[in-house]
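S.K.: Here it is: the structure, laid out below.
The values are calculated or read from the model by the stated rules, or taken from the named source; none is laboratory data. This is a predicted model, so every value here is computed, not measured. Note that we place each Cβ from the backbone using ideal geometry, even for glycine, and neighbour counts take in every protein chain shown. Surface accessibility is based on the protein's heavy atoms, side chains included, excluding ligands, DNA and RNA. Shrake-Rupley method; radii C 1.70, N 1.55, O 1.52, S 1.80 Å.
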Amino acid sequence: MSSRGWRPTIGAICREGHGTAFRVWAPTTTSVEVVVERQGVPAEARALHRGADGAFGASCPDLEPGVRYRYRLDGDGPFPDPASRFQPEGVHGASMTVDPGTFRWSDSEWQG
C-alpha cells in the first residue's frame, strides 16, 4: 500500500478546508476534552464524544493547521497527544496540528 492510500485514524487529522478532527483512544476514561491553546487567548476546552470502540473524537471545522492543543482526561491534565505528528516544544509541551499533505519535498533527486 502506498503512503498516499493510508489515512490516520487517531490523533489530530487536518482536512483541507474542513478544519481538524481529533480522536484519542481512552477506553478507561469517562470524559475527554481537547484544550486548544492560542497565543494571547485563554485556552479553550472542547468536549470529545465517546465512541463504542473506546475512542473519543470530535470535528472542529474552525481549527486549521498550526493550532496547539492538549487533551484533558477526566479533568486531569492537560496532556500532549500520544499520537501527535508534531511536538514543537518537546514531548511534554503542547502538540500542534499539521497537514502532511502540504509538505513540499525538496529531495526529488535522491536515489536511495
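S.K.: Could you please give the count of residues in the range 27-42 that are farther than 17 Å from P65 by Cα, at pLDDT below 95 and within 16 Å of the chain's Cα centre (by Cα)?
M.R.: So the count comes out to 0.
S.K.: List every residue pair whose Cβ atoms sit under 8 Å apart, with the two residues 6 or more apart in sequence or on different chains, where the first one lies in the range 48-66 and is under 17 Å from R38 (Cβ atoms) and the second, anywhere, is open to solvent by 80 Å² or more (accessible area, probe 1.4 Å).
M.R.: P61/H18
S.K.: Limited to the range 47-70, what total is found for residues that are in contact with an Asp or Glu (Cβ under 6 Å, 6 or more places away or on another chain) and not small (G, A, S)?
M.R.: 2
S.K.: Within the range 54-89, restricting attention to residues that are charged (D, E, K, R) and at pLDDT 95 or above, which residue is surrounded by the most Cβ atoms within 10 Å (Cβ to Cβ)?
M.R.: D81
S.K.: Which ones in the range 1-17 are touching a strand residue (DSSP E or B) at 6+ places or on another chain (Cβ under 8 Å) and either of a type in the set (S, T, Y) or at pLDDT 85 or above (or both)?
M.R.: Once the filter is applied, which keeps residues that are touching a strand residue (DSSP E or B) at 6+ places or on another chain (Cβ under 8 Å) and either of a type in the set (S, T, Y) or at pLDDT 85 or above (or both), the range 1-17 yields T9, I10, G11, A12, I13, C14.
S.K.: Out of G19, G40, I need the residue that is open to solvent by 80 Å² or more (accessible area, probe 1.4 Å), without any contact (Cβ under 8 Å) to a residue 60 or more places away in the chain and on the phi > 0 side of the Ramachandran plot. Which one?
M.R.: Values: G19 fails: open to solvent by 80 Å² or more (accessible area, probe 1.4 Å).
After ruling out the rest, the residue left standing is G40.
S.K.: Sticking with this structure for a sec: Could you grab me the full set of residues in the range 90-106 that are in a loop (DSSP other than H, G, I, E, B), surrounded by 10 or more Cβ atoms within 10 Å (Cβ to Cβ) and among the polar types (S, T, N, Q)? Don't jump to the end; show me each part of the working.
M.R.: We begin by selecting, within the range 90-106, every residue in a loop (DSSP other than H, G, I, E, B); these are 90-94, 97-99, 103-106.
After this cut, where a residue has to be surrounded by 10 or more Cβ atoms within 10 Å (Cβ to Cβ) as well, the list is 93-94, 97-99.
Within the range 90-106, just T97 meets the criteria.
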